[in-house]
Amino acid sequence: MSEINGKSNGFPAHYPSSPPPEREEEEGSLFGEIDLGKLWIVFKRNLFWLFLLPVASLIAAFLFLRYTRPLFKSASSLRLDVKNQSSILGLQALVPEEGTDLSGEIELIKSKLVYDEVIKMMNLPVSYFAEGNILDEERYLNSPFRVDHQMKNPVYYDTHFDVRILDRERFQLGYVWGDRVVSETHSFGQTIENADFRFVLYRQGAYDVNLAKGNFYFVVNHLNTLNEYVAKNLQVTVINPNARLIGISFADHNPYKARDMVNAIDSVYLTTTLNNKNKANKQKIGYLEAQLRQAEDSLDRYEKEMQNFVVANRSADLQSDIGRDFVRIEEVLEKKVLLNTKLAYLRDLEPLLNSERNLADFIPFLAKELEPQLVQAISDLNRIQLERTLLRSSLKENTLSASARESALRVARKNAAAVMRQERALLSGQLWEANRRISQLEGSLVNKPIKNAEYTKIKRTHGLYEGYYLDMMSKKAEIGIAGAGMVPEFVVLSPASLPKTPVWPNKLLVYGIGGLIGIFISFVSVVGMYFLNNTITSQRELEKIAFAPVLGIVPILKQKKESVSRMVIDKNPKSAISEALRLIRTNLDFMFPSQKKKRIIAVTSTVSGEGKTFIVVNLGGIIALSDTKVVLLDLDMRRPKIHVAFDAENRTGISTLLIGKHQVDECIQKTAIPTLDFIAAGPAPPNPSELILRPEFDRLLAELGRRYDYILIDTPPVGLVTDGILVMSKSDLPLYVVRADYSKRSVVSNINKLLRNERFRNLTVILNALRSEKDVYKYDYGGYNQGYYDEAQPKPSGLKKLEKLLLGR
C-alpha cells in the first residue's frame, strides 16, 4: 500500500527531496525584478498594436496639419538714431544732442498712437472671409465686394454678417437681429439701414459665376478689438543694442497681410518719430516770435519818443563839452540795461520752471549772457523735460522709465530754481551799483541842458533794443535752419518680405512630436501591459518562481476552439502537441524506478479551465500508443469531463463504484485506442471527499494497478476543494497543470507551499497552452523539431512572415 500512496523511496536520486534554501530566498525577490524574457514576450505579442500607435499618431499629426490654419510671419529690421544735419552749418550748439532710448522707442512702436494710425492706413475696420468646409479663409485685398458702414449700435461690432452672391447685381444678406435671424435680398450699391447700422455693399473685380457657389461673410471690427489684434501679433525685439537695431515682426494667417502690416508699422513709426523730434524746434521758434513782438513794441515806443523830442526842440545836436560825461554815463547805462534785461528774463523764466512748456524755447540764445551754472541747470531741465515728453507718447505711461523721469524732473527744477535765485541776487546788487553810479554822473551835469541828456538817453535805449531785436531775428533763423536739418536716420535695413513658409505649424516638428508621442505611448503600453500581466507566460518565468521541476510544456491548440476537452493526438499524431506529450511521456520514465510496474499519476490544477482534463486525456492516449495499458479515472465528481471527451455516458463510474452499486468491469469504458480505457465520474454525489476517504477507493486503485500499467487520475482543482489533495496523497506522481497566459503568478505560491510543507516532494509541473511553438522546441527539443516538420509543412510566404511578425504569432 505504501507504493500506492507514493511513500516509497524508489525515485531517482537527483529528484529534489526538499526545496533548496536559496530558492526560498528568491521567491520574494523575483516578483520585484524586471523579467526581460516576459517583457519581450509581451512586446512581441502586441507588436501590431505597438506599430499601429505611432502610425495613428502620425495620421493625427497629418490631420492636425491639414485642418490647422498656417500662421505666417513677416519681419523687418530698423536702425534707430537721429542725426542733426545742422552741424554742417556750424549750428550744433543750438540744439542739444539727443540719444535714442531703445526701450522708449519700443514702447512708442507698441503704443496706441501708432496702432491707431496703422489701423487707418491698412483699412482694417472691416474684415472679409470666405466660408470653407472646415476652415474659413480671410479675403484680404481680394474680396468680391466692399462694405461702407456706419454702426449705430455697438452691439453689432465683431458680428458675422453672411453674404451670398446671387448674380452680378444681387446678393443675400443674413444676420441676427434681436431674437430672430434675418435673410434679405439686396442689390449692390443699395443702402441697407435700420436702427442699429447702415451698410452699402459694392461689388469688386470681375464677376465670376463660381462666386454664387460660395458663401462669404464680413465683420465690422471694434477699435479695441483691432488694437488687441495688433498688440497680440506684433513683436518688437532688440537685435543689437550697441548698433541700435530693432526687429519688427507681425504674424497673421494671411502672408500678404502680415507683410503689409510690417510695412505700415515702419512707415507710421518713422513719421511719428520725426514729428516728435521737430516739435521741440517749433516750440523754440514760438518763444522767439513772442520775444520779437515785445522787442518791436519797445522799439516803436522809443522811436516815437525820439521823433517827438526832435520835433519839440527842433534840434538833435549835443554839446561837445559834456561828451566825456555822457560817455561814462552811457557805459553805465549799457550795463544797467543789460542787467535789467537779464532780470526780466529771469522773472519770465521763474514761473515756467513748474509749467509743462519746454524751457529750451527761452534759453538757447542766453548762453553768452547768463552764468554757465544757470545755463547748465536749465539745459539739464530742458533735456529731462524732452525725455518725459517722448515717453508720454507711449501707450504705457506708468512705466518704471516714466516714473524715473518724473523724479529726475523734480530734482532738476529744484536745482534750477536755486541757481536762478542766486543769479537774481547777484544781478540786483550789480543793478544797485549801476544806479548809484548813474546818479553820481548825472549830478555832475546839473548845469547842462537836461533835455539834451534826455534825448541821448532815449537814443541809447533805442539802440540797445534794436540790437536785441536783430539778435533775436538771427537766432530764429538759425533755429529754423537747425530744424530743417533734423532728419531721421531710422534706416530700414531689411524691409518686410512676403513669407512663403509658415512659422506655425512646423510640419517637421508636428510629425516629430506625433511620432514621439506614438512611440512613447507604445513604450508605456508595453510597460503597463507587463506590470498588469500577472499571469505566467513562459517556461523560463515558471522555473524562476516555482520550486517544483517542470516536467514538460504543451503548446496551445491552434485548431478551432471547442467548449470541452477532446483527444487530439489520435487525429494529429505529428502535431506539436503530440510531440510535446511524447516528450512528457519520456520524462515520466525517468520519474519512476524501472522495476515499478504500476504507476499512479494524479493530475490537478488550481482552478478550472487550466487544462488538466485535456492533459489527462491526451497524455493517457500518448502513453497508451506506446503499447502500454492505461486507464483514466475521473475523480472530479462535481464537474466531470472525461466522458465528454470520449462522447460517452456518465451513468456509471467512480461514485457508483465507491458506494458498491457497480463493479469495476461494469464501469470501465473502452476508447478508440485499444490499450486506453477510462472510468467516468458517475452521478454527482453529495459528498465526494467522504467517498475518496473510504477504503473502497484504495481497493479500487489496487485492482486497477493489477490490470493497467498507468493509472491517470483527473482530480478536482486544489484551489477550490480539498478532494484533489486527498487524491494526490494516494498517487505516485502528482502533476500540477499551469496554463500559460491564464494561471496567475499567485498559483506558484500554492505549488511551493505543497513542496515546502513536504507533503508532495515529488510534485512536478506541466505548463499548458504555451502560445509560441518556437519557444517550446527551442527550449526543450534543442533543435530536434527543425527539419522534422519542415518537410511536412510548406514554407510560409513573405506576407505570412510579415503577418506573424506584426501579430506576434
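FYI, it's all coordinate maths here, none of it is from the lab. Note that the coordinates shown come from a computational prediction; the quantities given were computed from them, not determined experimentally. Counting neighbours? That spans all protein chains shown, and the Cβs are built from the backbone with ideal geometry, glycine included.
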Next item on the list: Would you mind counting up the charge near GLY174? Only other residues with Cβ under 12 Å from its Cβ, with Lys and Arg at +1 and Asp and Glu at -1.
Entry: -1
Next item on the list: With +1 on each Lys and Arg Cβ and -1 on each Asp and Glu Cβ, and nothing else charged, work out how big the dipole of segment 517-622 is about its Cα centre, in Debye to the nearest 20.
Entry: 480
Check: For segment 178-229 and segment 710-736, what is the separation of their C-alpha centers, rounded to whole Å?
Finding: 88
Next item on the list: With label points built 7 Å along Cα→Cβ from the Cα atoms of TRP177 and ASN506, find their separation and express it in nm.
Entry: 5.0
Check: segment 99-154: Rg/Rh from Cα coordinates, Kirkwood Rh?
Finding: 1.17
Margin query: List the residues, sorted by chain then number, that are 5 or more residues from ASP677 or on another chain and whose placed amide H is less than 5 Å from its amide H.
Written below: VAL630, VAL631, LEU632
Next item on the list: Would you mind checking which residues have amide H under 5 Å from ASP732's amide H? H placed 1.01 Å from N; only 5 or more apart, or other chain.
Entry: ILE600, ILE601, ALA602
Next item on the list: Normalising by the residue count of segment 667-748, find the relative contact order in percent from Cα pairs under 8 Å and 6+ residues apart.
Entry: 17
Checklist line | Summed residue charge, Cβ within 11 Å of GLN190's Cβ, Lys/Arg positive, Asp/Glu negative | finding: -2
Check: What does the charge add up to near LEU619, with Lys and Arg as +1, Asp and Glu as -1, over the other residues with Cβ less than 14 Å from its Cβ?
Finding: 0
Next item on the list: Multiply the residue separation of ARG651 and ALA417 by 0.36 nm, subtract the distance between their alpha-carbon atoms, and state the gained length in nm to one decimal.
Entry: 71.5 nm
Check: Sequence-distant or interchain residues sharing an amide H contact under 5 Å with VAL554, placed H: which?
Finding: LEU767, ASN768, ALA769, LEU770
Check: Is any residue of segment 123-153 close enough, with backbone N under 16 Å, to a label point placed 7 angstrom from the Cα of THR185 along the Cα-Cβ axis, and if so, which?
Finding: none
Notebook entry, point to check: Given a Förster radius of 41 Å and the C-beta distance between GLN204 and ASN276 as r, what FRET efficiency does 1/(1 + (r/R0)^6) yield to the nearest 0.05?
Noted result: 0.60
Check: Mind listing P(r) for segment 91-209? All alpha-carbon pairs, 5 Å bins, whole percents.
Finding: 2, 8, 14, 17, 16, 11, 8, 5, 4, 4, 4, 3, 2, 1, 0
